[in-house]
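The values are calculated or read from the model by the stated rules, or taken from the named source; none is laboratory data. Everything quoted here is computed from the prediction, not taken from an experiment. Cβ coordinates were reconstructed from backbone atoms using ideal geometry, including for glycine residues, and neighbour counts include every protein chain displayed.
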């Protein structure tokens, strides 16, 4: 049963006849009740479902980094919705039903700050050590920007080091993910302002073969 909050002209929650009311991020909206589905899904619908499901499964383990990296890129949406949208647009390859994520095209952050450059990666004592060119001169950002660092083996559990190091230090490290010999570890790097209101675009700092 629907509930009116402010009378006939106000928002409501629930179902009233064939209309459904709800709230999302402080906004009240209405939509019509969906008609019962007849028959199976079309090929296009199956393709969309497969791509979307793959994107969500890939990105769910990365949410700690995405929550910072996409914070500045969303307005009337969520960081996860924006991250999924980017992955669908840029990083899914192949044909139905054999879609795959291209790890080299994955983004963990999107924003206007100056992105990392001159990156190198190495393994030292069970950790991935990343270096980049420390900032000099005019900079879109600050040497005090925090570092977003993610090491990921596709299909595995990612490792994070978030906001521990700063841009000006020129180096950071993160635990090496556990994976089988021969697996590839993708290392993603981005910067975030101290308030996390602004971030840089992320880059793939390097790829390590175990």
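Listed values, structure above:
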quantity	calculated
Complete set of residues in the stretch 190-210 that are touching a helix residue (DSSP H, G or I) at 6+ places or on another chain (Cβ under 7 Å) and buried (at least 20 other Cβ atoms within 10 Å of the Cβ)	190, 191, 192, 199, 202
Of the criteria (1) assigned to a strand (DSSP E or B); (2) within 23 Å of the chain's Cα centre (by Cα), which one residue 194 fails	(1)
Filtered residues of the stretch 156-179 (kept if over 21 Å from the mean Cα position of the chain (by Cα) and on the phi > 0 side of the Ramachandran plot)	170
Meets criteria (surrounded by 16 or more Cβ atoms within 10 Å (Cβ to Cβ), under 27 Å from residue 88 (Cα atoms), modelled with pLDDT of 95 or more and touching a helix residue (DSSP H, G or I) at 6+ places or on another chain (Cβ under 7 Å)) for residue 187	no
Test: residue in the stretch 108-127 that is within 15 Å of residue 185 (Cβ to Cβ), touching a helix residue (DSSP H, G or I) at 6+ places or on another chain (Cβ under 7 Å), at pLDDT 95 or above and assigned to a loop (DSSP other than H, G, I, E, B)	yes
Test: residue in the stretch 131-140 that is farther than 24 Å from residue 197 by Cα and modelled with pLDDT under 95	no
